[in-house]
Amino acid sequence: MGKYQKLIFTILTGQADNKIKFIDLCKLLKKLGFEERVRGSHHIFRKEGVIEKINLQKDGTHAKPYQVRQVRNLIIKYKLMEKI
């Protein structure tokens, strides 16, 4: 199992939302085909075919738990785990 597969598994289990590193979450979204735009401290991710946009901000070195939940919901809704 690769690094990104393990990260997706961790996100989908929902047991470590406050322990996901911000940089790893950003890299995962890029790997899933999202385009990143940075405006100040906001990292905005969009992908064609995905209606919602994801707006991430750091919480120290980790992603904010509610943002990890948003990413989890998009992975499930659009079946993005099949892309890795």
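Look through Ile75, Ile23 and report the one residue that is part of a helix (DSSP H, G or I), under 16 Å from Lys3 (Cα atoms) and under 13 Å from the mean Cα position of the chain (by Cα). Full working, then the answer.
On the way: Ile75 fails: under 16 Å from Lys3 (Cα atoms).
So the residue among Ile75, Ile23 that is part of a helix (DSSP H, G or I), under 16 Å from Lys3 (Cα atoms) and under 13 Å from the mean Cα position of the chain (by Cα) is Ile23.
For the stretch 11-25, which positions are within 17 Å of Lys77 (Cα to Cα) and surrounded by 11 or more Cβ atoms within 10 Å (Cβ to Cβ)?
As a first pass, look at the stretch 11-25 and keep what is within 17 Å of Lys77 (Cα to Cα): 11-14.
Once the filter is applied, which keeps residues that are within 17 Å of Lys77 (Cα to Cα) and surrounded by 11 or more Cβ atoms within 10 Å (Cβ to Cβ), the stretch 11-25 yields Ile11, Leu12, Gly14.
Taking the stretch 70-83 only, how many residues are exposed (fewer than 15 other Cβ atoms within 10 Å of the Cβ) and under 14 Å from Thr10 (Cα atoms)? Let's see the steps before the verdict.
Within the stretch 70-83, the first condition is being exposed (fewer than 15 other Cβ atoms within 10 Å of the Cβ), and the residues that meet it are 73, 76-77, 79, 82-83.
Pick out the ones that are also under 14 Å from Thr10 (Cα atoms) and you get 73, 76.
The total comes to 2.
Looking only at the stretch 26-59, count how many residues are outside any loop (DSSP other than H, G, I, E, B), among the charged types (D, E, K, R) and either open to solvent by 100 Å² or more (accessible area, probe 1.4 Å) or over 21 Å from Ile76 (Cβ atoms) (or both). Outline the logic, then answer.
Applying the first criterion (outside any loop (DSSP other than H, G, I, E, B)) to the stretch 26-59 yields 26-31, 35-39, 42-46, 54-56, 58-59.
Cutting the leftovers down to among the charged types (D, E, K, R) gives us 27, 30-31, 35-37, 39, 46, 58-59.
Next, from what is left, pick out any that are either open to solvent by 100 Å² or more (accessible area, probe 1.4 Å) or over 21 Å from Ile76 (Cβ atoms) (or both): 30-31, 35-37, 39, 46, 58-59.
Residues in the stretch 26-59 being outside any loop (DSSP other than H, G, I, E, B), among the charged types (D, E, K, R) and either open to solvent by 100 Å² or more (accessible area, probe 1.4 Å) or over 21 Å from Ile76 (Cβ atoms) (or both): 9 in total.
Looking at Gln5, Gln67, can you tell me which residue is among the polar types (S, T, N, Q) and open to solvent by 40 Å² or more (accessible area, probe 1.4 Å)? So that I can check it myself, show each step before the final result.
On the way: Gln67 fails: open to solvent by 40 Å² or more (accessible area, probe 1.4 Å).
After ruling out the rest, the residue left standing is Gln5.
The values are calculated or read from the model by the stated rules, or taken from the named source; none is laboratory data. For clarity, every value in this text was computed on a predicted model and none was experimentally measured. So basically every Cβ, Gly included, is an ideal-geometry build from the backbone, and we count neighbours across all protein chains shown. Side chains included, ligands, DNA and RNA excluded: accessible areas come from the protein's heavy atoms. Shrake-Rupley method; radii C 1.70, N 1.55, O 1.52, S 1.80 Å.
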